[in-house]
Amino acid sequence: MTPRASLPSRIPPARRGPVGRGPRVGVVGLGYVGIATGVAFAAHGTRVVGYDVQGARRDQVARGDSPIYEPGLDRLLRRVVRAKRLTVASHVAELVGESDLLFVCVPTPSAPDGSVDLRFVEEAVGDLALVLRKAPGWKAVVVKSTVVPGTTEGLVREVLVRESGREIGPRLGLAANPEFLAEGSLVADALHPSRVVIGCSDRRTARMLRAAYRGFPSPVVELSPTAAELVKYASNAFLASRISFANEMAALCEATGTDVDAVMQAVGMDPRLGPRFLRAGPGFGGSCFTKDLRALLAAAGARGVELPLSEAALTVNERQPRHVAELAERLLGDLAGKEVALLGLSFKADTGDVRESRAYPILEELLRRGARVRLHDPRSLDAFLESLPPPLHGRISREILPMRTLREAVEGADLAVIQTDWKEYVRAGPAIWRSLRGPGVLDTRRCLYPRTLRAAGKVYAAVGRPPPALPAAEDPEAGRSPGDLRKPAISR
Ligand code: UGA
């Protein structure tokens, strides 16, 4: 399972007494980052106002109802809304009027060429700037969205100065303040950031940001805006590289009859390396790593800088779904006409988010080999189906078979492939797996207990483990020598 920070046993209550001694916080964009940021500041005792361009989202958050699924978020959001520590403005002027620090938390998607699309940042900053033109008192714009190095001092400064008619100086501050929140542990990460990185070019904004973060139990690092932006990309590129390295080692473990978890655990005991983000799996998914790596490569390329390590992290990741399909072939032989249950569609457990989930390319690889694919996820089946690209969407009910329960998905299938380490799969008893028609389970996360499969009379195969010995009747490679059998039929 992916190591992740656990929720604190006690979520800090909203502070008693008058709030607002520190700077007031405004949050533009109520997605994952904006909500987590707002809720964390509010829980640490700061007065927070949120705003989103979508009216329905504003209403939902104003009711204390989280628009995203994230463990612990609902409860904490309800609490800070009830305590009136977090309110929602119905227009930008209201937000600006009630805030000192204006955090920009809008999406920065990939443009078709992989570079970062800064349209939403530009729009949000432009909207704030128009109001700032007439707003009294000191205010600062703080860029929390992930933006390539140079954006805050470049595009953001330019739009802000142009549209507000004010210079950055005594009455207007500007800063970059990247976030390091991971989905599934959003609340814990927001309340207890490993570090607060602030990039300011003026002293007053630095002081105000430090004051806003006073209640947080985190070290504060002060850098230039561009260096702060780079910390975010360097962190994600490094984390992604570690995962790709683990996946590369997983293939070698399969070929050498060793177990990648045992190997990487021992590797991670070196204090210079540390144990986290060394879990092999189906490859990294989610809205950040792939997007940020591509944006980093594009931004570096535009400056004539090559980043071969970051590029390799992406290449290894793109291969991994093919490798998963090849492991499925190792178990079933030709996949044409076979029915495979793909279990878990979220990009990782404890989130309903399917963005860049490895379930998409795995599904495509299985379909390309002629399999029919049953889909199951305890939380994100509908989101996954809705976001299937049109050519695949048209194949729903023919080769793509949505299943509402785990039993329905598994019963009579030729193989089950675990893509997300949901607890429901980890806890499933032997009876579920016994209902498979085929030889067993391919666990890309190594989250199941092999003994559960043994009790069901099925084989357990996994990414990063020696291939299992198959019962002769089910072995697509029966007839090959045992030496051949240990050699996975994989081309990488
Ligand atoms: C990631 C970073 O961890 C956050 O620090 C960062 O703030 C965030 O991106 C962002 O830029 O906004 P996130 O994508 O939510 O967070 O989730 P991760 O826990 O990092 O997982 C990303 C992917 O890597 C998942 O598919 C996960 O299953 C996979 N993973 C993670 C592995 O395959 N092995 C591991 O050891 C760890």
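The values are calculated or read from the model by the stated rules, or taken from the named source; none is laboratory data. Small disclaimer: the values here were computed from a predicted structure and weren't measured. All Cβ positions, glycine included, derive from the backbone under ideal geometry; neighbour counts span all protein chains shown. We work out accessible area using only protein heavy atoms, side chains counted, and drop any ligands, DNA or RNA first. Shrake-Rupley method; radii C 1.70, N 1.55, O 1.52, S 1.80 Å.
How about region 113-198: which helices (runs of 4 or more DSSP H) wholly inside it have at least 1 residues that are of a type in the set (S, T, N, Q) and touching a helix residue (DSSP H, G or I) at 6+ places or on another chain (Cβ under 9 Å)?
Result: 157-164.
Filter region 328-339 down to residues that are open to solvent by 20 Å² or more (accessible area, probe 1.4 Å) and in a helix (DSSP H, G or I) and give me whichever is farthest from residue 409 (Cα to Cα).
329
Consider residue 208 against the criteria (1) open to solvent by 30 Å² or more (accessible area, probe 1.4 Å); (2) at positive phi; (3) touching a residue at least 60 places away in the same chain (Cβ under 8 Å); (4) not hydroxyl-bearing (Ser, Thr, Tyr): it satisfies all of them except one. Which criterion is unmet?
Just one mismatch for residue 208, condition (2).
How many residues does region 247-284 contain that are part of a helix (DSSP H, G or I), free of Cβ contacts under 8 Å to residues at least 40 places away in the same chain and within 11 Å of the ligand (Cβ to nearest atom)?
2
Which of the following residues is part of a strand (DSSP E or B), touching a residue at least 24 places away in the same chain (Cβ under 8 Å) and either open to solvent by 40 Å² or more (accessible area, probe 1.4 Å) or within 16 Å of the ligand (Cβ to nearest atom) (or both): 342, 375, 401?
Result: 342 is the single residue among 342, 375, 401 that is part of a strand (DSSP E or B), touching a residue at least 24 places away in the same chain (Cβ under 8 Å) and either open to solvent by 40 Å² or more (accessible area, probe 1.4 Å) or within 16 Å of the ligand (Cβ to nearest atom) (or both).
Please determine whether any residue of region 193-200 is over 24 Å from residue 287 (Cβ atoms) and open to solvent by 40 Å² or more (accessible area, probe 1.4 Å).
No.
Yes or no: residue 388 more than 16 Å from the ligand (Cβ to nearest atom), out of contact with any helix residue (DSSP H, G or I) (no Cβ under 6 Å at 6 or more places or on another chain) and in a loop (DSSP other than H, G, I, E, B)?
Yes.
Collect the residues in region 345-366 that are open to solvent by less than 10 Å² (accessible area, probe 1.4 Å) and either in a helix (DSSP H, G or I) or free of Cβ contacts under 8 Å to residues at least 12 places away in the same chain (or both), keeping them in residue-number order.
359, 362, 363, 366
Filter region 442-453 down to the residues that are out of contact with any Leu (no Cβ under 6 Å at 6 or more places or on another chain) and buried (at least 24 other Cβ atoms within 10 Å of the Cβ), then identify the one that is nearest to residue 349 (Cα to Cα).
Step by step, filter region 442-453, then rank; the result is 445.
Let's see how each residue does on (1) away from the ligand (no atom under 14 Å from the Cβ); (2) among the polar types (S, T, N, Q); (3) buried (at least 23 other Cβ atoms within 10 Å of the Cβ):
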| position | (1), (2), (3) |
| --- | --- |
| 157 | yes, no, no |
| 164 | yes, yes, yes |
| 175 | yes, no, yes |
| 236 | no, yes, yes |
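Would you mind telling me which numbered condition in (1) more than 12 Å from the ligand (Cβ to nearest atom); (2) under 25 Å from residue 108 (Cβ atoms); (3) surrounded by 20 or more Cβ atoms within 10 Å (Cβ to Cβ) residue 240 fails?
(1)
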